[in-house]
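So the structure is just underneath, and the comments pick up after that.
The values are calculated or read from the model by the stated rules, or taken from the named source; none is laboratory data. The shown structure was predicted, so the numbers you read here are calculated from the model rather than taken from an experiment. Cβ sites come from the backbone with ideal geometry, for glycine too, and all protein chains shown count toward neighbours. For accessibility, only protein heavy atoms count, side chains too; no ligands or nucleic acids. Shrake-Rupley method; radii C 1.70, N 1.55, O 1.52, S 1.80 Å.
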Amino acid sequence: RLLRNAIALAEYRNFARAAQELCISQPTLTRSIQLLEARLGCRLFDRKSRTVLPTPVGEEMLKQARLVVASSLALEEGIRQYQDLEEG
């Protein structure tokens, strides 16, 4: 979830718009980004007055996060297909 939140924030470049797209509150999104930054030990986003931009290390994290999220979705889909075969 933390990675998906970071990807949405990078895409929308705004906490309010990203939170709305994720169907969570803005404070929840802010806390999740802060938690991810604390876990990784670095700042991932520069907070400007009207926009949010990934830092260089944030860009690298986002590349990896997109791969992880895509793999996770592929795994879930593969399991669903397998279950459908077993049931059918």
(message) Step by step: find N for the range 1-76, compute 2.2 N^0.38 Å, then divide the Cα radius of gyration by it. What's the final number?
(response) 1.03
(request) Report, in whole Å, the centroid distance computed from the Cα atoms of the range 59-82 and the range 1-54. (result) 19
(request) Compute the long axis of helix 2-12 from its Cα atoms, compare it with the longest principal axis of the Cα atoms of the chain, and write down the angle in degrees, 0 to 90, nearest 10. (result) 60
(request) Could you check the simple spin-label distance between ARG47 and SER25, using points 7 Å along Cα→Cβ, in nm with one decimal? (result) 1.6
(message) Taking the 0 to 90 degree range and rounding to the nearest ten, how far is the long axis of helix 26-40 tilted relative to the main principal axis of the chain, both from C-alpha atoms?
(response) 90
(request) Note down the nm distance, to one decimal, between modelled labels 7 Å out along Cα→Cβ at SER72 and at GLU59. (result) 2.4
(message) Rounding to the nearest 10 and keeping the result within 0 to 90°, find how far the Cα-based axis of helix 56-87 lies from the longest principal axis of the chain.
(response) 20
(message) Accessible area of the chain with a 1.4 Å probe: how many percent of it is carbon plus sulfur?
(response) 53
(request) Taking only protein heavy atoms into account and a 1.4 Å probe, give the accessible area per residue of the chain in Å². (result) 70
